[in-house]
Amino acid sequence: MSQSGKPTGLFKNLSAKIAAVPMVLTALVVFVGCSVWTIVYSFTNSRLLPSTKWVGLDQYERLWGTRRWLISIENLAIYGILMLILALVLGFLLAALIDQKIRFEDGFRTIFLYPYALSFIVTGLVWQWLLNPEFGIQHAVRSLGFETFTFDPLYNTNTVLYGVLIAGLWHTSGLVMCLMLAGLRGIDEDVWKATKIDGIPAWKTYLLVVIPMMRPVFITTLVLITSAIIKLYDLVIAQTGGGPGLASEVPAKFVFDMMFVSQNLAQGFAASSMMLVAVIVVIIPWAYLEFGGKKHG
Amino acid sequence: MADVTANMQRPSPAHASGPKPRRAFSRNNIVIYGILVVLAVYYLLPFYVMLMTSLKGLPEIRMGSIFAPPMEITFEPWVKAWSTVCTGLNCDGLSRGFWNSIKITVPSVFFSIAVASVNGYALSMWRFKGANVFFTILIIGAFIPYQVMIYPIVILLREIGLYGDLGGLVLVHTIFGMPILTLLFRNYFSSVPEELFKAARVDGARFWTIYLKIMLPMAVPIFVVAVILQTTAIWNDFLFGVIFTRPDNYPMTVQLNNIVNSVTGVKEYNVNMAATLLSGVVPLTIYFLSGKLFVRGIAAGAVKG
Amino acid sequence: MTKFKTFALGMLTAAAAQPVLATDLEVTHWWTSGAEAAAIRVISEGFQKSGNTWVDGAIAGAGGVARPLITSRITGGDPMGATQFTHGQAMRELIEAGFMRDVTEVAEAQGWKDQIFPQSLLDSCTFEGKLYCVPSNIHSQQWLWLNNAVFTDNGLSVPQNWDEFVAAAPKLREMDIIPLAQGQQSWQKQLMFNVLMVSIGGPELFERVYAGRDADYAAGSDVAKVFKAAAEARDLMEGSNVQAWNEAANLMISGRAAGQIMGDWVQGEFTQAGMTAGEDFSCLPGLGVNEYITAAGDAFYFPKVDDPEIIAAQDVLAGVIVSPETQVEFTKAKGALPVRRDVELRDPTPCMEKGMAILKEGHIVESINTMVSPDTVGRVTDLMIEFFADPSFSPETAQAEFAEIIATAD
């Protein structure tokens, strides 16, 4: 199909190969190199400093016997699934609404996007404040006369993750909107004209025509959101500190605390190796499906 | 060459492409604006609280509701956050780190986007053997929590003699921005019609010529997204800034952290909020400016078509 | 006094011997709040008198940021000139790996052995006979703080010990007052438990469990009493929905809570709120049961460097930190106790005097940080976070899990 797709010699596409050197180096040295390093040292007894005292699978045995780790994974799963769905839905909804030739498009877009300019730490602090029952939303509603109104998600073991979700969604959905908008604007006007002539309702066009056409944008967004979910750390630190109890602990926090607070590097490495393996198990089959045989560009 | 450039087109309309134009006060419009306004409240509420709090004096904060507008507006917290609040021994507020943040952000954003856009272009147009393997590794890299990488990266930078150097920090930002940005550009360039690329090749255009003359101009919207992503990530970065530089190069986030994160003593919420808003001014300005570009970039593509 | 004079002379000559070269010394620390910054200023000013320049590397947040930063800079071959770090086992590995400089010579030249008190401060800085850190101040944790007015206004007498406090709790609850304020942060849960261990269980129990690592004993009936008290404390803390310790202190100051278990640094919050020790608030060291306190605190460490000028500056800083002039002003600013026997506290509060008296009597227990590794502290902390958050977590189960941690502690 494409003449560029089949290089016939080493010097064919030489410029492209030279241009790819930084990427290849980063992939091999940093991501592969550092991951292998991390996995290797997860079989040691490293504490504050990396050491080469091998202990076999001890770190993994301890890891899977630690309740906090199990709770962290469960929390991440719940938060992750909800965040993924809601961020996509909300982001797409915002983009579709903004794309309706509305007035004040710039204004609305800025309003939805500005939270992304603030760090997770700041986001967490602000929402901790708003959700504090003593002076936040609950207090404000009660002082309006609704004495029994209760809204304190952060202080309840069963609801704390939703409190974190409210803040996470606030922070991220604007960017999702931006990506979706870029995707929507990339769709040919003729598509709309054609479906209009055929009398297909707008929602059906979105669902059956537009969204499938936006596949690349969705993939980018998906990677962006899920990678942020897995790395979830700062937000929890600022908003709940992992509490109440262990109810909002997450794996990245477990890793970090192990490495730098408990000064048990190897245990942290073991946990991050498990996270890495989980990611690889999901990504490799996807990459195979995505690249295996199919043709791009 | 000239022909190719003139022929290139991006299948994007100049303006919003939603289903159909509407009359001003249709029921649909009311629903649309209704939803947008309700959602806008959710997004604006924290900003409102931050702004109001930053304009209040401390006694008023202790007494009143966080939603109440200030009875007496004071700009003192803003002045204090910018120029006099103590962050450790140095009492010159956020202003101390402002230029350092610029010094770190500008080259980091530039290099990370330059490298990643070339990556994305090479991956989508000039696929070479093994390209997808490296790309998959990059994607996996996007999921690794940064904190895990601190130790090996320190060792790496030490070995190449860039540890503690501003250049080292720029390199770190370029590396960690690469996965998502490369994906972003690759997917964007993949949606460029192949005929366009083929025509340029037939015309004898080379790798860099096609990139600079054809791909760059039509990729404005995605560059805008990339700039938003990177400016935010690097401007707000704290961990790398503190670990890979020395105190005289510390970015503004270090001061922000020291103001907001101090665990002891009286919390000056008004100063905290003013500092938070101040530190967000630069990314916000960039969003605002790039928002215009965003629209214009799409418009440019369509005019050429 | 003669000793003091020779010491002061030594300091002067040490300072004079330095040619007035403005060596930049970067010092990392996490003292960024008002009182802490005022305290570090005392040290930096004392240091700058020697003609050197203090480059301030203040990073708020001990665990989250400062530790990775400090270890990275040191192992990355770009160390700071000096750094604050947790006193105890935490720094041990960096010392063993040869990254840290010992300041034994300075200590010997200035006769620290005779001055620094209690001795344990130096012991926990010593590794293979050499001194690797300089203690700067003492903080103790084992205090129950009470808002007097909350009790007297409700017709109760101010409790004199833990049992009286527990007995007063039901009445306080009736008045819609939280008996015991406490923040949600994890270290506070660990502090609470270990304070109960020292105060309710007694110093021998505390040391037998952590230093002796006696797992059977930790599972036995003596320690069961501590867990029973912890379960009681858990009930008393219900409704204390704040994160930071100073927010918890505010609950007590505002009268919404009656008491708080916290280290002596919390006193600054009360005095800043206009409360007077003894009149407006009371302090019960050892919860009024076992009046023993931990004498641990903060310490400064010096990474190994090649530059002789920086080494000289490190020596000067080490001397400045423990010098009597610095100690008086520094501890005053920080609300801590001095590390020297020979300095008099300036306008001490009754609570600080109590603390000083306990130290002088030698009623000192080792800190958990010097007895077990940070890893073990972390495991105990995780257990306590769960235990204090979940009323259905029985003290018996918690004790069994605790004993298991002790059995594998290091």
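Pick out the one residue from A:Asp234, A:Asp198 that is without any contact (Cβ under 8 Å) to a residue 40 or more places away in the chain and not polar (S, T, N, Q). Steps first, please.
On the way: A:Asp234 fails: without any contact (Cβ under 8 Å) to a residue 40 or more places away in the chain.
A:Asp198 is the lone residue from the list that is without any contact (Cβ under 8 Å) to a residue 40 or more places away in the chain and not polar (S, T, N, Q).
Would a scan of the range A:206-213 turn up a residue that is more than 23 Å from B:Met149 (Cβ to Cβ), within 14 Å of chain C (Cβ to nearest Cβ) and β-branched (Val, Ile, Thr)? Give the derivation first.
The first filter runs over the range A:206-213 and keeps only residues more than 23 Å from B:Met149 (Cβ to Cβ), leaving A:206-213.
The next check asks that each one be within 14 Å of chain C (Cβ to nearest Cβ); those that pass are none.
No, the range A:206-213 has no match at all.
Being at pLDDT 90 or above and crowded, with 22+ Cβ neighbours inside 10 Å is the filter; apply it to the range A:1-34 and report the residue that is nearest to the chain's Cα centre (by Cα).
A:Phe31
Taking the range A:237-252 as the search range and keeping residues that are farther than 20 Å from C:Val242 by Cβ and touching a residue at least 24 places away in the same chain (Cβ under 8 Å), which one is farthest from the other protein chains (Cβ to nearest Cβ)?
Step one: filter the range A:237-252 for residues farther than 20 Å from C:Val242 by Cβ, giving A:250-252.
Right, trim to touching a residue at least 24 places away in the same chain (Cβ under 8 Å) and you get A:250-251.
Values: A:Val250: 10, A:Pro251: 8 Å.
Filtering the range A:237-252 for residues that are farther than 20 Å from C:Val242 by Cβ and touching a residue at least 24 places away in the same chain (Cβ under 8 Å), the one farthest from the other protein chains (Cβ to nearest Cβ) comes out as A:Val250.
Per-residue answers, yes or no, for (1) in contact with a Gly (Cβ under 7 Å, 6 or more places away or on another chain); (2) at pLDDT 95 or above; (3) under 20 Å from A:Ser262 (Cβ atoms); (4) assigned to a loop (DSSP other than H, G, I, E, B):
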residue: C:Lys354; (1), (2), (3), (4): no, no, no, no
residue: C:Ala357; (1), (2), (3), (4): no, no, no, no
residue: C:Thr370; (1), (2), (3), (4): yes, no, yes, no
residue: C:Asp375; (1), (2), (3), (4): no, no, yes, no
residue: C:Gly378; (1), (2), (3), (4): no, no, yes, no
residue: C:Leu383; (1), (2), (3), (4): no, yes, yes, no
residue: C:Pro391; (1), (2), (3), (4): no, no, no, yes
residue: C:Gln399; (1), (2), (3), (4): no, yes, no, no
residue: C:Ala403; (1), (2), (3), (4): no, yes, yes, no
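I'm checking my understanding of the structure. Among residues of the range B:157-191 that are free of Cβ contacts under 8 Å to residues at least 40 places away in the same chain and within 7 Å of another protein chain (Cβ to nearest Cβ), which one is surrounded by the fewest Cβ atoms within 10 Å (Cβ to Cβ)?
B:Arg158
Taking the conditions exactly as written (within 30 Å of B:Ala233 (Cβ to Cβ), modelled with pLDDT under 90 and assigned to a helix (DSSP H, G or I)), does B:Arg96 satisfy them or not? Break it down stepwise before answering.
On the way: within 30 Å of B:Ala233 (Cβ to Cβ): yes; modelled with pLDDT under 90: yes; assigned to a helix (DSSP H, G or I): yes.
Here the answer is yes, as B:Arg96 does meet what is asked.
Which of the following residues is hydroxyl-bearing (Ser, Thr, Tyr), out of contact with any helix residue (DSSP H, G or I) (no Cβ under 6 Å at 6 or more places or on another chain) and surrounded by fewer than 22 Cβ atoms within 10 Å (Cβ to Cβ): C:Thr53, C:Thr71?
Numbers: C:Thr71 fails: surrounded by fewer than 22 Cβ atoms within 10 Å (Cβ to Cβ).
Exactly one of C:Thr53, C:Thr71 is hydroxyl-bearing (Ser, Thr, Tyr), out of contact with any helix residue (DSSP H, G or I) (no Cβ under 6 Å at 6 or more places or on another chain) and surrounded by fewer than 22 Cβ atoms within 10 Å (Cβ to Cβ), namely C:Thr53.
Considering each residue of the range B:26-78, count those that are farther than 30 Å from A:Leu97 by Cβ, away from chain A (no Cβ under 11 Å) and assigned to a helix (DSSP H, G or I), and give that number.
7
Consider only pairs whose beta carbons are under 6 Å apart and that are at least six residues apart or on different chains; among these, list those whose first residue lies in the range C:320-347 and is under 16 Å from C:Trp265 (Cα atoms) and whose second residue is at pLDDT 90 or above and of a type in the set (Gly, Ala, Ser).
C:Leu337/C:Gly355
Under the condition of being hydroxyl-bearing (Ser, Thr, Tyr) and touching a residue at least 60 places away in the same chain (Cβ under 8 Å), which residue from the range B:27-56 is nearest to B:Ala275 (Cα to Cα)?
First, the residues of the range B:27-56 that are hydroxyl-bearing (Ser, Thr, Tyr): B:33, B:42-43, B:48, B:53-54.
Checking which are touching a residue at least 60 places away in the same chain (Cβ under 8 Å) leaves us with B:53-54.
Details: B:Thr53: 11, B:Ser54: 9 Å.
Filtering first and then ranking leaves B:Ser54.
Just checking, how many residues over the range B:132-147 are of a type outside the set (Phe, Trp, Tyr) and more than 7 Å from chain A (Cβ to nearest Cβ)?
Keep residues of the range B:132-147 that are of a type outside the set (Phe, Trp, Tyr), which gives B:132-133, B:136-142, B:144-145, B:147.
Restricting the remaining residues to those that are more than 7 Å from chain A (Cβ to nearest Cβ) gives B:133.
Count: 1.
Which pairs turn up if I take residues in the range C:69-80 that are more than 7 Å from chain B (Cβ to nearest Cβ) and look for partners that are charged (D, E, K, R) with beta carbon separation below 7 Å, at least 6 apart in sequence or on another chain?
C:Pro79/C:Arg73; C:Met80/C:Glu26; C:Met80/C:Arg73
Going by what's in this entry, would C:Ala333 be described as assigned by TED's automatic domain parsing to the domain that holds C:Ser33, outside any loop (DSSP other than H, G, I, E, B) and within 26 Å of C:Tyr292 (Cα to Cα)? Give the derivation first.
Values: assigned by TED's automatic domain parsing to the domain that holds C:Ser33: yes; outside any loop (DSSP other than H, G, I, E, B): yes; within 26 Å of C:Tyr292 (Cα to Cα): yes.
Judged against the criteria, C:Ala333 is a match.
List the pairs whose first member sits in the range B:72-89 and is on the phi > 0 side of the Ramachandran plot, whose second member is of a type in the set (A, V, I, L, M) and at pLDDT 85 or above, and whose Cβ atoms are under 6 Å apart, counting only residues at least 6 apart or on separate chains?
B:Gly88/C:Ala58
Take C:Ser282 and tell me if it is in contact (Cβ under 8 Å) with a residue 12 or more places away in the chain, crowded, with 19+ Cβ neighbours inside 10 Å and over 28 Å from C:Pro374 (Cα atoms).
Values: in contact (Cβ under 8 Å) with a residue 12 or more places away in the chain: yes; crowded, with 19+ Cβ neighbours inside 10 Å: yes; over 28 Å from C:Pro374 (Cα atoms): yes.
It is true that C:Ser282 is in contact (Cβ under 8 Å) with a residue 12 or more places away in the chain, crowded, with 19+ Cβ neighbours inside 10 Å and over 28 Å from C:Pro374 (Cα atoms).
Across the range C:115-160, which residue is farthest from C:Gln190 (Cα to Cα) among those that are of a type in the set (Gly, Ala, Ser) and surrounded by 16 or more Cβ atoms within 10 Å (Cβ to Cβ)? Even if it seems obvious, please write down each step before you answer.
Narrowing the range C:115-160 to residues of a type in the set (Gly, Ala, Ser): C:120, C:124, C:129, C:136, C:140, C:149, C:155, C:157.
Checking which are surrounded by 16 or more Cβ atoms within 10 Å (Cβ to Cβ) leaves us with C:120, C:124, C:136, C:140.
On the way: C:Ser120: 22, C:Ser124: 21, C:Ser136: 24, C:Ser140: 14 Å.
Of everything passing the filter in the range C:115-160, C:Ser136 is farthest from C:Gln190 (Cα to Cα).
Any residue at all in the range A:63-81 that's in a loop (DSSP other than H, G, I, E, B) and at pLDDT 90 or above? Before the answer, list the steps.
The initial filter retains those residues of the range A:63-81 that are in a loop (DSSP other than H, G, I, E, B), namely A:65-66.
Restricting the remaining residues to those that are at pLDDT 90 or above gives A:65-66.
Scanning the range A:63-81, I find at least one residue that is in a loop (DSSP other than H, G, I, E, B) and at pLDDT 90 or above, so the answer is yes.
Name the residue, out of A:Val281, A:Val250, A:Val277, that is at pLDDT 85 or above and buried (at least 23 other Cβ atoms within 10 Å of the Cβ).
On inspection, the qualifying residue turns out to be A:Val250.
If we keep just the residues of the range B:201-248 that are within 11 Å of chain A (Cβ to nearest Cβ), modelled with pLDDT under 85 and in a loop (DSSP other than H, G, I, E, B), which is farthest from B:Gly167 (Cα to Cα)?
My answer is B:Arg206.
Here's a check for you: in the range C:181-206, which residue that is closer than 19 Å to C:Gly61 by Cα and among the hydrophobic types (A, V, I, L, M, F, W, C) is nearest to the chain's Cα centre (by Cα)?
Pass one, the range C:181-206, residues closer than 19 Å to C:Gly61 by Cα: C:183-191.
Filter again for among the hydrophobic types (A, V, I, L, M, F, W, C), leaving C:187, C:191.
Numbers: C:Trp187: 12, C:Leu191: 10 Å.
So, considering only residues that are closer than 19 Å to C:Gly61 by Cα and among the hydrophobic types (A, V, I, L, M, F, W, C), the one nearest to the chain's Cα centre (by Cα) is C:Leu191.
Given the conditions (1) surrounded by 23 or more Cβ atoms within 10 Å (Cβ to Cβ); (2) part of a loop (DSSP other than H, G, I, E, B), report the number of the one that A:Gln267 does not fulfil.
The number of the failed condition is (2).
Would you kindly identify the helices (runs of 4 or more DSSP H) lying entirely within the range A:113-215 that contain at least 1 residues that are among the β-branched types (Val, Ile, Thr) and either farther than 23 Å from C:Gly239 by Cβ or modelled with pLDDT under 85 (or both)?
On the way: elements: A:120-130, A:137-143, A:160-185, A:189-197, A:202-205.
Of the helices (runs of 4 or more DSSP H) lying wholly inside the range A:113-215, those with at least 1 residues that are among the β-branched types (Val, Ile, Thr) and either farther than 23 Å from C:Gly239 by Cβ or modelled with pLDDT under 85 (or both) span A:120-130, A:160-185, A:189-197, A:202-205.
Can you spot a residue in the range C:37-47 that is assigned to a strand (DSSP E or B), surrounded by fewer than 21 Cβ atoms within 10 Å (Cβ to Cβ), modelled with pLDDT of 90 or more and not aromatic (Phe, Trp, Tyr)? Steps first, please.
If we filter the range C:37-47 for residues that are assigned to a strand (DSSP E or B), which is where we start, we get none.
Checking the range C:37-47: not a single residue is assigned to a strand (DSSP E or B), surrounded by fewer than 21 Cβ atoms within 10 Å (Cβ to Cβ), modelled with pLDDT of 90 or more and not aromatic (Phe, Trp, Tyr).
The values are calculated or read from the model by the stated rules, or taken from the named source; none is laboratory data. Bear in mind that the values here come from a model prediction, so they are computed numbers and not experimental data. Cβ coordinates were reconstructed from backbone atoms using ideal geometry, including for glycine residues, and neighbour counts include every protein chain displayed.
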